[in-house]
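Report on one structure; see the data block that follows.
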Amino acid sequence: MRVTKTVIVVAACAVGWTHAAVEAGSVGTAITYQGQLKQGGVPLDGTVDLEFKLWDAAVEGRPVGLTVTSRGLDVVNGLFTVPLEFGPGAFTGDARWLEVGVRTDSSDDYTVLSPRQALRGTPYAHYALSSPDSAWAPAEGGISYFGGDLGIGTDVPLLDLQVHEDLRGGRASGSSSLGASVLNTLGSSRFFYMQSDDTAAWLIWDMASDLRFVQMDGMFDPAPWERMRITAGPFSKVGIGTTEPQAKLHVDSTGATTAPVLQLEGGSDASTTGAGILVVGPTAGRNIVMDGNEIMARDNGVASKLYLNADGGDVAISASGTGNVGIGTSTPAAMLDVAGTARIQVLEILGADLAEKFPISDNVKPGMVVAIDPKHPGNLCLARGAYNQRVAGVVSGANDLPAGTILGNLPGHENATPIALTGRVYVWADASNGSIEPGDLLTTSNTPGHAMKATDRSRSYGATIGKAMTGLEEGRGLVLVLVNLQ
């Protein structure tokens, strides 16, 4: 097969230096050239001869340096790599163009590919090493490289990296005495030290152990000013405020009383698809997403159950304000506000009576007996008259005995008075109809809002408040009553 004019070189570039055929320890002036040969638009496979010439112009011009040939070069999928050495003085800073010739039969002439290719900055990298002793020479406070050390603003660097002179209004420095002290302390560590007018910061990098960021004000003192450490290895840990992190991320805020330990801002609203501000757990799996005021559990993009200490101890919810908790509502009006049906096996209530809210037509106080108001449907009023068969209950809360359950929160009744319908409650009583003993039935009396001992059994039916649990020998006072209207 013969290569015709349809063979082209694409993606060709000079990619670096070759160390072949150069003095040991010297970079040399050869470059590595990579390219791809195609014939009829198809990558070429086979053996070819290549010829490279360097020119000082894109068209015509004069040849520069040696002609380089590479014979019997194996090409796979059109790709090849060859070293090119055009001799000393080929690259002096002037523009250069590369001409490539190719043939597949050694008896044929080379087919010269067109156009020539312009060579850009890479081949001239060796020009920076033209100063004596292979060192970079400083130019008016520039960069120097000497004896394995890099200096910025100094021609004799004494550290791995030493920076001097003003840099954009600040000052970067790594003085030899201070640097030596650090290196003696950290062994083979590598470090970078920057200083402005009022503060200094160190970046210490120990290739064998960890990466630390340290900051200090004033005098050099390693212990107090280490601020962050990233340990190396497969079990890497990040410590902020601690040099001995115990977790993947360990933040020690001891002594920080005016700032939060961790603050995250931005993000989006937490939802089944929203990123939120913080996600705990894998994205494709079970995770918890949080934003500024919401926590949501998800399972592969679907809302799932959120457990609070499912297999642990107590869960306490409190606040310095109202501390209200809403279930099924975002505007709870009580310590626990459930908008819906609650289902439990056992409900333990710490209060004493079962009450319901009713609007009252009269002024009442806890412990007073109330009755159905015939003039205002749905309202209650003070119970008046002995053996009043409209008796409805007792105002809850007397003698600091709280209600256990309060029913009824109808619109407009939110602030209505809770009336005990059953259970224990203290009742105002009048003993003028006879002293009251525990176990006596009580009914309404002629004293408004007061109970008395029921002595007339025939009139007591439908007018009984309940049974006395404490006594009252004379006068008026509070009696503990087990309310049982009948």
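Tabulated values for the structure
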quantity: Of all residues in the range 461-475 being of a type outside the set (Gly, Ala, Ser), out of contact with any helix residue (DSSP H, G or I) (no Cβ under 7 Å at 6 or more places or on another chain) and farther than 14 Å from GLY393 by Cα, the one that is modelled with the lowest pLDDT; calculated: TYR461
quantity: Contacts under 6 angstrom Cβ, first residue in the range 342-362 being of a type in the set (D, E, K, R), partner at pLDDT 85 or above and assigned to a loop (DSSP other than H, G, I, E, B), 6 or more apart; calculated: ASP353/SER396; LYS357/ALA416
quantity: Residue in the range 346-359 that is among the β-branched types (Val, Ile, Thr) and in a loop (DSSP other than H, G, I, E, B) present; calculated: yes
quantity: Residues located in the range 302-322, provided they are small (Gly, Ala, Ser), part of a loop (DSSP other than H, G, I, E, B) and exposed (fewer than 12 other Cβ atoms within 10 Å of the Cβ); calculated: ALA310, GLY312, GLY313, ALA316, SER318, ALA319, SER320, GLY321
quantity: Selection from the range 87-110 of residues that are modelled with pLDDT of 90 or more, over 57 Å from the mean Cα position of the chain (by Cα) and either buried (at least 18 other Cβ atoms within 10 Å of the Cβ) or not in a loop (DSSP other than H, G, I, E, B) (or both); calculated: GLY101, VAL102, ARG103
quantity: Neighbours by Cβ (under 7 Å, 6+ apart or cross-chain): first from the range 394-407, within 20 Å of LEU380 (Cβ to Cβ); second part of a loop (DSSP other than H, G, I, E, B) and among the hydroxyl-bearing types (Ser, Thr, Tyr); calculated: ALA403/SER396
quantity: Matching residues, the range 249-261, being closer than 19 Å to VAL280 by Cβ and surrounded by 10 or more Cβ atoms within 10 Å (Cβ to Cβ); calculated: LEU249, HIS250, VAL251, VAL261
quantity: Strands (runs of 3 or more DSSP E) contained entirely in the range 399-447, each with at least 1 residues that are over 23 Å from ARG457 (Cα atoms); calculated: 403-407, 417-430
quantity: Residue among ASN399, ASN388, ASN415, ASN484 that alone is over 20 Å from ALA352 (Cβ atoms) and either touching a Gly at 6+ places or on another chain (Cβ under 9 Å) or surrounded by fewer than 17 Cβ atoms within 10 Å (Cβ to Cβ) (or both); calculated: ASN415
quantity: Failed condition for VAL338, given (1) exposed (fewer than 15 other Cβ atoms within 10 Å of the Cβ); (2) touching a residue at least 40 places away in the same chain (Cβ under 8 Å); calculated: (2)
quantity: So ALA371, is it outside the structural domain of ARG457 (by TED's automatic domain parsing) and touching a residue at least 60 places away in the same chain (Cβ under 8 Å); calculated: no
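The values are calculated or read from the model by the stated rules, or taken from the named source; none is laboratory data. Model, not experiment: these values are computed from the prediction. Reconstructed Cβ throughout: ideal geometry from the backbone, glycine too, with neighbour counts over all protein chains shown.
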